[in-house]
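Just so you know, all these numbers are worked out from the coordinates, no wet-lab data involved. What you see is a predicted model, and the numbers here were worked out from it, not measured in a lab. Ideal geometry is used to build each Cβ from the backbone, glycine not excepted, and the neighbour counts take in all protein chains shown.
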Amino acid sequence: MIEEKEKKFLTVAPFQCAWRKDLKFREAGRGCVAFDAFAHNDVTVVFRENVGSQHYHYKRDNSPHYTVILGSHRNRRLKIEVDGKTVVDEEGVALCCSSMFQSYWISIYDGLISVGKGRYPFQNLVFQWLDSNPNCSVRYIGLSSWDKHVGYRNVNVLPLPKNHMLLWKQVDSGEYEGTDDGEEELEGGQMSYERRGLENFLESWELSDVLFVVGKEERLVPAHKVILQASGNFPLSSSNEDVIQLQDATYPILHALLQYIYTGHTQISESQLGSLWALSLQFEVMPLGKLCEEIVERFKLNKKLFDSGKNVELSYPSSQPHSCMAFPSQLPINVQRLKQLQSTGDYSDINIYIEGHGLVAQPHKVILSLWSVPFSKMFTNGMSESSSSEVFLRDVSPEAFKVMLEFMYSGELSLEDSTEFGTLLLQALLLADQFGVTLLYQECCKTLLECLSEDSVGPILQAVSSIPSCKLIEETCERKFAMHFDYCTTTSLDFILLDETNFSNIIQVGSHSLN
């Protein structure tokens with residue numbers, strides 16, 4: 001089980017401050033914190049060199065610090081204080097709302113403090129202030145309150161790229177266009193988990209670790225290193241602040257390239273086809289490059305095939321059409337390269353530890369999130385897990401976890417035929433059920449039923465009887481046990497460990513078959 005339960009929201013009492021050691025910038029003096037909050041008075045965020053105490057108050061702090069107060073004086077003002085002294089007191093910037101959660105972000109870069117509204121950092125900029133004598137040592141973030149309780153949730157600490165000033169050339173300083181979804185449940189996440197395919201991460205800031213800077217307007221487009229490198233050959237490093245400059249490209253061309261990688265299909269005007277072809281060759285996205293080449297050749301042979309007023313459709317032919325939504329089979333992703341990234345840990349952003357076994361894997365958050373709702377929520381909604389690079393598990397078989405990881409990276413169940421095959425298969429099934437990896441669970445069920453024998457039926461029945469989602473396996477085992485009742489009850493005494501309900505069902509199945 002996961003040692004720390006996911007925290008849905010945090011309530012800070014009046015005149016107190018919540019500090020967590022993991023709520024800190026990766027680089028002192030530079031970073032961004034994004035969060036949801038609601039308050040009847042104001043929301044107060046403190047930036048300090050060291051962690052403070054629960055009863056900390058910025059007015060009595062003699063050490064260097066910044067304080068940003070959203071909605072001071074009953075939602076009428078924005079205040080910024082340096083070492084307890086007010087340096088900004090703006091009227092009319094009403095950021096807080098008393099009856100619902102609102103989303104905000106605050107970034108600091110060498111004394112430049114930027115405040116924005118909305119779920120997406122670096123957009124909807126509301127206010128900026130530059131400290132002429134900047135404090136470049138602040139690192140830890142405290143979530144505080146004034147004289148009324150404040151609720152916080154979805155707190156994420158993000159790094160700023162080295163050339164961060166490019167961010168402000170594209171921010172929208174207009175009114176926030178998001179919905180005031182204060183009526184949503186506190187547990188609400190930022191993404192629908194019912195259809196969490198890779199398309200949900202297309203140009204999303206969630207879990208992104210690389211930025212494209214596109215065109216003369218220097219538009220920023222976020223992406224994910226592991227996805228890019230499994231699809232082509234991009235100039236990436238192991239740094240957390242990769243930036244890829246594309247001054248000669250335009251956003252529609254890059255968007256088409258990324259859309260093809262993340263969804264398996266895209267469309268573009270015939271006049272832009274050559275540019276897309278060139279970009280796909282530049283980054284060695286060969287399936288797209290080959291497709292562009294074929295269409296260009298067909299166009300040369302017969303210009304009537306195309307209408308310049310319509311877009312050209314480009315789709316990746318899935319090599320496994322019956323795999324449904326299985327990742328990565330329906331996408332132009334090189335599975336062997338993806339598995340290599342898994343084995344080497346290149347571009348990993350998470351370390352998985354299992355109690356008693358230490359570090360067992362260095363995977364990628366975006367891959368785990370594609371398959372597993374618990375992992376996805378852990379990385380995007382939690383107070384600590386979202387910004388942490390470590391996850392600690394207990395009561396988990398490392399071998400079974402390896403099987404689950406390999407499935408996440410290949411879309412295929414891979415088990416070595418050994419004496420422990422049945423045990424490992426069962427452990428993988430239970431692990432897939434625990435983490436909600438539906439397709440792996442289905443594959444394990446299918447394989448388990450195919451190799452079900454008189455010798456294995458008892459232990460399997462005992463293991464799955466308490467798992468609601470294993471009802472089909474449970475009923476199949478009960479029928480198998482009833483058919484070979486004498487053998488199952490004489491070759492081993494394990495049957496005495498069966499649940500009373502299971503044994504009763506076995507007797508009933510046996511009596512019906514005799515009748």
**Request:** Would you pull out the residues with amide H under 5 Å of ASP131's amide H, same chain only if 5 or more places away, H placed 1.01 Å from N?
**Result:** LEU112, ILE113
**FRET E, pair LYS290, SER269, Förster distance 22 Å, beta-carbon r, rounded to 0.05** = 0.65
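If you count, for each residue, the other Cβ atoms within 10 Å and average over each peptide, how do 447-456, 401-410 line up from highest to lowest? Can you show the working numbers first?
Values: 447-456: 14.5, 401-410: 21.1.
The packing order, highest mean first, is 401-410, 447-456.
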**Item:** Per residue Cα convex hull volume in Å³ - calculated over the range 98-144
**Value:** 102 Å³
**Request:** Report, in debye and to the nearest 20, how large the dipole of the range 16-141 comes out about its Cα centre when Lys and Arg carry +1 and Asp and Glu carry -1 on their Cβ.
**Result:** 280 debye
**Fill in**
The answer for trypsin sites (Lys or Arg not before Pro) in the range 212-279 that fall in a DSSP coil and have at most 10 neighbouring Cβ atoms within 10 Å is LYS216
